[in-house]
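Report on the following structure.
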Amino acid sequence: MATKTATAPAPAASRKTVTYADAGVNITSGDKAKQRIKYLAKKTFNRSVLSEIGGFGGLFSLDIKKYKDPVLVSSADGVGTKLKLAFMMNVHNTVGGDLVNHCVNDIAVQGATPLFFLDYLASGRLDGSITETIVSGLAQACKQNGCALIGGETAQMPGFYADGEYDLAGFIVGVVDRDKVITGEKVRVGDVLLGLPSTGLHTNGYSLARKLFFDEAGYSPDDFVSEIKDKVGHALLRTHKSYWPIVRRLVEADLVSAMAHITGGGITDNLPRVLPKGTKAVVEIGSWPVLPIFKHLEALGNVPQDEMLRTFNMGIGMILVVSPDNLKRVTSILDRMGERYHNIGRIAKGDRKVSYA
């Protein structure tokens, strides 16, 4: 087999100058975008933030006087293929809220108050206006959830991502007193399952949803579909809801035995994560109104019911496990907050799984 012999490069003086920008990374443009990011992030700061955006690490002072025995709770996630919708529609102001709210919900179910958030945004070529729009969404969601956006990473990776595409992920840290951590150990047979409605798909099931809507049905994002009473793109881009304002009230009053954030895996895979040994969840099909978008997805692909329940949240974004003794107080708080809820089942004897009735 013949081998190729490398040709020696021409003398340095005669060669063309090649810069980082020639390779696709514009440092100057990136620096301009980062200046705007600093301004957006700083609007989320509170007295606990001790550093500026741009350092090697973000500094956050935990107010230990507020906690007897503080425990830090952390989580990381990404927006996933919902980003494909953002690219298709050139709408980038909602994905930051999707990411922050998802992460906030993940630690809220353990009773944790969100403290600070960091993001990772990577693209092939950095578009300053799009970057600013994304970070603006992140900052707004952080502000709404009472946490600070103290840092992150903005990476230009030409050749790795297609032009016009990016990836967005994040990391959150919260705190809860050790004796207030919600683990599910208090769950008992006879406890009630209250489901809190979702706004839509939230951030899960988009690979199947995109296949059914765009490949199978041939819809475009701008198509109005009577079955879902909305345009396809608008329905799919509805922001992942934060349940923290509701959860905080219930946690402070010590009224819930456990909570489950219904994300990838649906009720089927997420609810068992908070069930102690010797218990199972009995969920009653038909006890809550399934959102039209899920019904239409099921019809488009003739998707089996168990597949739907393991892929999508089906209209329930958070499940509260509540003792019958606390049920009246919980529903009273939810009513006062104007939050809808549905009694979707109960806890029974079993082996940490969900059964559907």
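The values are calculated or read from the model by the stated rules, or taken from the named source; none is laboratory data. These figures come from a predicted structure and were not determined experimentally. Because the Cβ atoms are built from the backbone with ideal geometry, glycine has one as well, and the counts that use them run over all protein chains shown. Keep in mind that these areas ignore ligands, DNA and RNA; they rest on the heavy atoms of the full protein, side chains included. Shrake-Rupley method; radii C 1.70, N 1.55, O 1.52, S 1.80 Å.
Per-structure values
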item	result
Selection from the stretch 152-190 of residues that are assigned to a strand (DSSP E or B), within 24 Å of residue 240 (Cα to Cα), at pLDDT below 95 and open to solvent by 40 Å² or more (accessible area, probe 1.4 Å)	152, 153
Residue in the stretch 137-151 that is at pLDDT 95 or above, open to solvent by 50 Å² or more (accessible area, probe 1.4 Å) and of a type in the set (Lys, Arg) present	yes
Subset of the stretch 80-115 that is buried (at least 24 other Cβ atoms within 10 Å of the Cβ) and either assigned to a loop (DSSP other than H, G, I, E, B) or aromatic (Phe, Trp, Tyr) (or both) - its residue that is nearest to the chain's Cα centre (by Cα)	109
Residue under evaluation residue 248, criteria (1) open to solvent by 10 Å² or more (accessible area, probe 1.4 Å); (2) over 23 Å from the mean Cα position of the chain (by Cα); (3) not aliphatic (A, V, I, L, M), criterion not met	(2)
Matching residues, the stretch 329-357, being part of a strand (DSSP E or B) and open to solvent by less than 70 Å² (accessible area, probe 1.4 Å)	342, 344, 345, 347, 348, 354, 355
Given (1) on the phi < 0 side of the Ramachandran plot; (2) touching a residue at least 60 places away in the same chain (Cβ under 8 Å), number of the condition residue 202 does not satisfy	(1)
Residue in the stretch 301-316 that is touching a helix residue (DSSP H, G or I) at 6+ places or on another chain (Cβ under 8 Å), under 20 Å from residue 105 (Cα atoms) and among the charged types (D, E, K, R) present	yes
All positions within the stretch 116-132 that are open to solvent by 50 Å² or more (accessible area, probe 1.4 Å) and modelled with pLDDT under 95	125, 127, 129, 132
Neighbours by Cβ (under 9 Å, 6+ apart or cross-chain): first from the stretch 61-72, free of Cβ contacts under 8 Å to residues at least 60 places away in the same chain; second open to solvent by less than 100 Å² (accessible area, probe 1.4 Å) and in a loop (DSSP other than H, G, I, E, B)	61/48; 63/48
Count of residues meeting criterion [assigned to a loop (DSSP other than H, G, I, E, B) and not hydrophobic (A, V, I, L, M, F, W, C)] in the stretch 191-220	11
Selected residue (criterion: nearest to residue 229 (Cα to Cα)) from residues of the stretch 295-339 that are among the β-branched types (Val, Ile, Thr) and more than 24 Å from the chain's Cα centre (by Cα)	303
Top-ranked residue of the stretch 43-59 - restricted to ones that are open to solvent by less than 50 Å² (accessible area, probe 1.4 Å) and of a type outside the set (Gly, Ala, Ser), ranked as nearest to the chain's Cα centre (by Cα)	44
Residue among 216, 185 that is touching a residue at least 60 places away in the same chain (Cβ under 8 Å), touching a Leu at 6+ places or on another chain (Cβ under 6 Å) and among the acidic types (Asp, Glu)	216
Selected residue [small (Gly, Ala, Ser) and buried (at least 22 other Cβ atoms within 10 Å of the Cβ)] from 266, 286	266
